[in-house]
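What follows is calculated from the coordinates using simple rules that are stated; it is not laboratory data. Just so you know, these numbers come straight off a predicted model, no measurement behind them. For neighbour counting, all protein chains shown are included, and Cβ atoms are generated from backbone atoms with ideal geometry for every residue, glycine included.
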């Protein structure tokens with residue numbers, strides 16, 4: 001078992017290693033990008049990568065405090081579902097109005113793997129291999145799809 005500080009240091013070490021590994025890869029538009037902290041440019045719409053003790057996930061999270069507005073974003077993503085799945089080369093889970101670890105209502109489109117453990121360095125190559133192609137594909141999707149959300153900004 002790790003202390004809170006040790007766990008924090010291991011998480012930080014993993015995300016630093018991931019950032020260094022993927023940094024040479026430019027965005028779909030040819031720009032330098034902070035892959036670990038991807039900015040969609042739309043408030044309340046995030047591309048999130050999470051790694052914990054038993055699972056890892058990557059996804060699109062819609063966190064607007066108004067569930068009806070979350071649903072509008074979700075419906076817009078549904079319009080682009082085929083394109084998203086084609087770009088990702090796989091299907092993801094779609095969850096309207098789930099709950100996050102803080103009890104807030106969020107909407108997610110995500111892919112999860114298990115068993116993986118961020119605290120086990122032997123799992124890091126698996127985690128990096130999971131995250132890298134998917135965040136790059138999300139960026140490729142978003143470089144075209146973001147304009148479909150202009151009316152919802």
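Any chance you could run the full-extension gain for residue 34 through residue 83? It's 0.36 nm times the residue separation minus the Cα-Cα distance, nm to one decimal. Present the calculation step by step, with values, prior to reporting the outcome.
On the way: separation 49, 0.36 × 49 = 17.64 nm, distance 2.39 nm.
Separation in residues times 0.36 nm, less the Cα-Cα distance, equals 15.2 nm.
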Worksheet item: On a 0 to 90 degree scale, rounded to 10, what angle separates helix 124-145 from the longest Cα axis of the chain?
Response: 20
Item to complete: Rounded to the nearest 10 degrees, what's the angle between the helix 4-22 long axis and the longest principal axis of the chain, both from Cα atoms, 0 to 90?
Response: 70
Discussion item. Using alpha carbons only, how many angstrom separate the centre of region 12-79 from the centre of region 82-146?
Written reply: 8
Worksheet item: Can you give the FRET efficiency for residue 76 and residue 11, using 1/(1 + (r/R0)^6), R0 = 35 Å, r = Cβ-Cβ distance, to the nearest 0.05?
Response: 0.60
Worksheet item: Where does helix 67-79 land angle-wise versus the long Cα axis of the chain, in degrees 0 to 90, nearest 10?
Response: 90
Fill in: Value of [θ]222 nm, deg cm²/dmol, for the chain, DSSP H segments ≥ 4, -39500 (n - 2.57) each, nearest 500
-13500 deg cm²/dmol
Response to the item:
Each label sits 7 Å from Cα toward the beta-carbon; between residue 151 and residue 4 the label points are separated, in nm, by 4.7
Worksheet item: Where is the GNM fluctuation largest for the chain (alpha-carbon springs, 10 angstrom cutoff): 66, 123, 139?
Response: 66
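When the chain is fully extended, how far beyond the present Cα-Cα distance does residue 122 get from residue 94, taking 0.36 nm per residue of separation? Intermediate values should be presented prior to the final figure.
Values: separation 28, 0.36 × 28 = 10.08 nm, distance 3.00 nm.
Using 0.36 nm per residue and subtracting the Cα-Cα distance, I get 7.1 nm.
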Worksheet item: Given the alpha-carbon gyration tensor of region 4-152, what are the semi-axes of its equivalent ellipsoid in whole angstrom, ordered largest first, with each equal to the square root of 5 times an eigenvalue?
Response: 25, 19, 14
